[in-house]
Amino acid sequence: MIYFDNSATTRTEASVLDTYRAVNEQYFGNPSSLHQLGERSRQLLDQSRKQIAELMGVNKEEIVFTSGGTEGDNFAIKGTAMAKKGYGRHMITSITEHPAVLKSMEQLESIGWDVTYLSVDKKGKINLNELKTAIRKDTVLVSLMAVNNETGSLQPLKEVSEVLEDHPSIHFHVDAVQALGKVDLDLNESRIDMAVFSGHKFHAPKGTGFMYVRKGRKLSPLLSGGGQESGLRNGTENVPGNVALAKALRLLLKNKKATNDRLSSMKQSLLNYFSELEKVTVFSPEESAPHIISFGIKNSRGEVLVHALEKEGIYISTTSACSSRKNKSVHSIKEMGHSKEQAASAVRISLSNMNTKDEVEIFKKTFNKVYERLKAIE
Amino acid sequence: MSETIYLDHAATTPMHPEVIEVMYETMKKHFGNASSIHQLGRESRGIIEEARRTFAESIHARSQEIIITSGGTESDNIAILKSVEKLKGNHIITTAIEHPAVLEPLKYLSEQGYDITYLPVNEKGQVTLEQIKNAVRQETVLVSIMYGNNEIGSLMPIQEIGQYLKEVDPKIIFHTDAVQAYGTEDIDVKASEIDLLSVSAHKINGPKGIGFLYKSDNITLNPLIRGGEQEKNMRAGTENLPAIAGFKKAVELRKDNKEELKATNLYFKKLLLSKLKENHVDFSINGSIEGSLAHIISLHLTGVPSSKLLIHLDLANIAVSTGSACSAGTVGPSHVLTALHGEDDPAIGETLRISFGIGVKEEDIMKTVDKIKQAVVFLKNKKV
């Protein structure tokens, strides 16, 4: 089996799995309990938080554990809305965000908020002038993704940070789910106030995630209750999940440079290969994350290609897994200026450090066969 | 650590070894995203739908009425905040002894202009049907009453309330936080006319970070966490497959040994009480044994500060609690005991919650009684 669908989810790293198991066996206490078992869990949880904070270069008070990326995005957006509704009711985002952001925005619109959706260019990037024009006196949040989950395109976060320097009261939220470990995110230096991460995208267990919330930024909790996570995220802490999450993050960032070089070279090898195939169009812009390639065979629907490769034991996806069960068009690709037909042909390869160059070579051989069959479709 | 006597199963429970095994295997073998259209995704989807059936059957619901969440707190938040949004009427009825995961969202709603009636409880820690009858108004949109209390174990007359509400005004939504009762009580959401019911896995030897919310087909609910189309648009986010599979295992295991566990817990509870009496430890029960959850007992140990008693027991490797675990960092007076006894009652600072579960042995109870006695004698002498 060749698994090239790592942007949908990743296989949990074996040693991370062992950690998850060991913590469950040895540290099952509720961190809010006052006895030793609770205290040990509390300490372990704090250690994980500290480790994550150090790896991310921020303070441990700025790390909030969540159940994943979707919760994080919902929390950042609606938590800002609730905390800042007295200051204004306008938010800015882009048209190619993840559904977790877009649907949260839609919900706010339904209760009277104003949302500006910035367009993107051929590279998938927003236009900074459009952003500047969109900022109003009552803008409370700018929400942009670091790496697009469908195409790997990058938003100019540094330039956006500079624009927002003049607007200190606006919250800047970044959905960084696809970016972690792949592109540089300087949380401390940039103007980013909130960044959202998901564990299962980097070989940690599903149902885990964390969020960076800059000190001093006010957010209302999405889930309220027992006072956990400094009152920002309530509910008994998933200690085993969070410890495993910290470990996975350490592993991810340990060989970051080498891993990304390897991913880039595998990606480049695939791009070179595709460039020789007449009916293949690559949708990922040249400047994009090292692990994602979006492409399509002319006139062949994406799911046909997915299933054809699946028969050969190769797993890729049509678009983001979140909406790929419904027959919706691949929105990011259309917004980047491609036709509806092209968008319908799009599939995505997404790599991780578990993939090898051998797999890339096997993929090419297999793809040759499938391509010969599918390219004939008019 | 292995020798720790764990009597705090109401706070959280150790995962059953078979549950850990299932999760481990699931993470290794089935890592596909359940929304992916390829084979790996379809396998994951199949596991989730099977688990959903198991969850549904456990409360006599239909599969499509189960929304999988990240746990009890999320389930309660959705139930409270998202059921009333589009309803006409601004009155909600609850009890004074609910879990913070219910009380906090209600506090938010009260700030938004909702009128909340907090029913007081009787000496058994229960509300009565009469109280509900008197509290229901034309404007009542939601009644949220916990199934069994987490600090004193009192069971509420859920079926009576559900059937009454159905009769008097079927539009009123009936929610129950069943986090402590699930897996110990026979819950039938249809017979009890329950519209919303919250459950958490880690209280029944399942994994942390997973739970479900039952939502009757008869009511509509808005999603709290939005994004992808998972859980039929009711709860976005990549499904936590290994935890779902582990939770399913925990439900199956509990189904097989529920009656036995309940009988054992009750036996331990009675043994504990009789041995304390035998040893002349001065105590009274907060609430009552009748009409309470078998696995929870709350004791007022007269004249013994619970914070100090807890330390003594902890040093003897006995893990118990003063109240609920959910007051992270801030050990304020328990709102449950305050509701039961009134403010400034000595019981508030002199209460021990002991909660039983799998793995507890008779000798653990004997040792615990022994240590409680020693500590009580020590602490009382010290005071004099």
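I need every pair where a residue in region A:219-231 that is at the interface with chain B (Cβ under 8 Å from one of its Cβ atoms) has its Cβ under 7 Å from the Cβ of a residue that is open to solvent by 20 Å² or more (accessible area, probe 1.4 Å) and modelled with pLDDT under 95, sequence separation at least 6 or different chains.
Correct list of pairs: A:G226/B:S327; A:G226/B:A328; A:G227/B:S327; A:G227/B:A328; A:G227/B:G329; A:G227/B:T330; A:Q228/B:A328.
Suppose we filter region A:11-24 for residues that are within 7 Å of chain B (Cβ to nearest Cβ) and not basic (K, R); how many remain?
Matching residues across region A:11-24 total 3.
Would you check if there is a residue in region A:72-84 being more than 7 Å from every other protein chain (Cβ to nearest Cβ), in a strand (DSSP E or B), in contact with a Leu (Cβ under 6 Å, 6 or more places away or on another chain) and at pLDDT 95 or above?
No.
Residues checked against (1) open to solvent by 40 Å² or more (accessible area, probe 1.4 Å); (2) at the interface with another protein chain (Cβ under 10 Å from one of its Cβ atoms); (3) of a type in the set (V, I, T):
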| residue | (1), (2), (3) |
| --- | --- |
| A:Y3 | no, yes, no |
| A:Q26 | yes, yes, no |
| A:A53 | no, no, no |
| A:F65 | no, yes, no |
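Is at least one residue of region A:261-279 within 27 Å of A:A376 (Cα to Cα), open to solvent by less than 10 Å² (accessible area, probe 1.4 Å) and in contact (Cβ under 8 Å) with a residue 40 or more places away in the chain?
The answer is yes; a qualifying residue exists.
Just one of (1) in a loop (DSSP other than H, G, I, E, B); (2) open to solvent by less than 20 Å² (accessible area, probe 1.4 Å); (3) away from chain A (no Cβ under 14 Å) trips up B:L299, so point out which.
All conditions are met except number (1).
Which members of region A:189-236 meet the condition of being open to solvent by 10 Å² or more (accessible area, probe 1.4 Å) and among the charged types (D, E, K, R)?
A:E189, A:R191, A:K201, A:K206, A:R214, A:K215, A:R217, A:K218, A:E229, A:R233
Could you tell me which numbered condition B:H99 fails, if it satisfies all but one of (1) open to solvent by 10 Å² or more (accessible area, probe 1.4 Å); (2) at pLDDT below 95; (3) in contact with a Cys (Cβ under 8 Å, 6 or more places away or on another chain)?
Going through (1) open to solvent by 10 Å² or more (accessible area, probe 1.4 Å); (2) at pLDDT below 95; (3) in contact with a Cys (Cβ under 8 Å, 6 or more places away or on another chain) one by one, B:H99 breaks only (2).
Given the conditions (1) in contact (Cβ under 8 Å) with a residue 60 or more places away in the chain; (2) over 24 Å from B:M27 (Cα atoms); (3) open to solvent by 30 Å² or more (accessible area, probe 1.4 Å), report the number of the one that B:R226 does not fulfil.
(1)
When you go through (1) in contact with a Ser or Thr (Cβ under 7 Å, 6 or more places away or on another chain); (2) without any contact (Cβ under 8 Å) to a residue 24 or more places away in the chain; (3) of a type in the set (K, R) one by one for B:K107, which number turns out not to apply?
(1)
Only residues that are within 14 Å of chain B (Cβ to nearest Cβ) and open to solvent by 20 Å² or more (accessible area, probe 1.4 Å): list them for region A:176-188, please.
A:V177
Looking at region A:96-111, can you tell me whether even one residue there is touching a residue at least 24 places away in the same chain (Cβ under 8 Å), open to solvent by 20 Å² or more (accessible area, probe 1.4 Å) and assigned to a loop (DSSP other than H, G, I, E, B)?
yes
Just the residues that are touching a residue at least 12 places away in the same chain (Cβ under 8 Å) and in contact with a Gly (Cβ under 8 Å, 6 or more places away or on another chain), please, taken from region B:39-56.
Answer for region B:39-56, where residues must be touching a residue at least 12 places away in the same chain (Cβ under 8 Å) and in contact with a Gly (Cβ under 8 Å, 6 or more places away or on another chain): B:E43, B:S44.
Picking from B:I48, B:I78, B:I68, which residue would you name as being within 12 Å of chain A (Cβ to nearest Cβ), assigned to a helix (DSSP H, G or I), hydrophobic (A, V, I, L, M, F, W, C) and under 17 Å from the mean Cα position of the chain (by Cα)?
One residue alone meets the criteria, B:I78.
Quick one: in region A:5-24, of everything that is open to solvent by 40 Å² or more (accessible area, probe 1.4 Å) and of a type in the set (D, E, K, R), which residue is farthest from A:M354 (Cα to Cα)?
Here the answer is A:R21.
What number of residues within region A:187-203 are within 17 Å of A:S350 (Cα to Cα) and touching a helix residue (DSSP H, G or I) at 6+ places or on another chain (Cβ under 7 Å)?
Matching residues across region A:187-203 total 4.
Report yes if some residue within region B:15-33 is modelled with pLDDT under 95 and among the polar types (S, T, N, Q); otherwise report no.
Yes, region B:15-33 has at least one match.
What number goes with the only condition from (1) outside any helix (DSSP H, G or I); (2) within 11 Å of chain A (Cβ to nearest Cβ); (3) surrounded by fewer than 20 Cβ atoms within 10 Å (Cβ to Cβ) that B:K88 does not pass?
(2)
For region B:146-160, indicate whether the set of residues that are of a type in the set (S, T, Y), under 24 Å from B:K190 (Cα atoms) and open to solvent by 30 Å² or more (accessible area, probe 1.4 Å) is non-empty.
No, every residue in region B:146-160 fails to be of a type in the set (S, T, Y), under 24 Å from B:K190 (Cα atoms) and open to solvent by 30 Å² or more (accessible area, probe 1.4 Å).
Going through region A:69-86 one residue at a time, which ones are more than 12 Å from A:D175 (Cβ to Cβ) and open to solvent by 10 Å² or more (accessible area, probe 1.4 Å)?
Within region A:69-86, A:K78, A:M82, A:A83, A:K84, A:K85, A:G86 qualify.
Just wondering, is there one or more residues in region B:239-261 that are in a helix (DSSP H, G or I), within 14 Å of chain A (Cβ to nearest Cβ) and open to solvent by 40 Å² or more (accessible area, probe 1.4 Å)?
Scanning region B:239-261, I find at least one residue that is in a helix (DSSP H, G or I), within 14 Å of chain A (Cβ to nearest Cβ) and open to solvent by 40 Å² or more (accessible area, probe 1.4 Å), so the answer is yes.
Given the criterion assigned by TED's automatic domain parsing to the domain that holds B:G237, touching a residue at least 24 places away in the same chain (Cβ under 8 Å) and within 29 Å of B:D256 (Cα to Cα), identify the matching residue among B:I97, B:I78, B:I59.
Just a single option satisfies the conditions, and that option is B:I59.
For the condition touching a strand residue (DSSP E or B) at 6+ places or on another chain (Cβ under 9 Å) and at positive phi, what is the one hit in A:G57, A:G72, A:G68, A:G79?
Going through A:G57, A:G72, A:G68, A:G79 in turn, the sole match is A:G68.
Kindly evaluate A:R42 against the criterion of being open to solvent by 30 Å² or more (accessible area, probe 1.4 Å), at the interface with chain B (Cβ under 7 Å from one of its Cβ atoms) and not β-branched (V, I, T).
Answer is no for this residue.
Open to solvent by 50 Å² or more (accessible area, probe 1.4 Å) and of a type in the set (G, A, S): is that true of A:S119 in this structure?
Yes.
Looking at region A:237-260 only, could you name the residues that are touching a residue at least 60 places away in the same chain (Cβ under 8 Å), more than 10 Å from every other protein chain (Cβ to nearest Cβ) and either over 18 Å from A:S198 (Cβ atoms) or open to solvent by 10 Å² or more (accessible area, probe 1.4 Å) (or both)?
Selection gives A:V243, A:K247, A:R250, A:L251, A:L252, A:L253, A:N255, A:K256, A:T259, A:N260.
I need a count of the residues in region B:1-45 that are closer than 29 Å to B:L315 by Cβ, more than 7 Å from every other protein chain (Cβ to nearest Cβ) and among the small types (G, A, S).
2
The values are calculated or read from the model by the stated rules, or taken from the named source; none is laboratory data. Computed from a predicted structure; not experimentally measured. Here the Cβ is made from the backbone with ideal geometry for all residues, glycine too, and neighbour counts use every protein chain on show. Please note that ligands, DNA and RNA were not included when accessible areas were found on the heavy atoms of the full protein model with its side chains. Shrake-Rupley method; radii C 1.70, N 1.55, O 1.52, S 1.80 Å.
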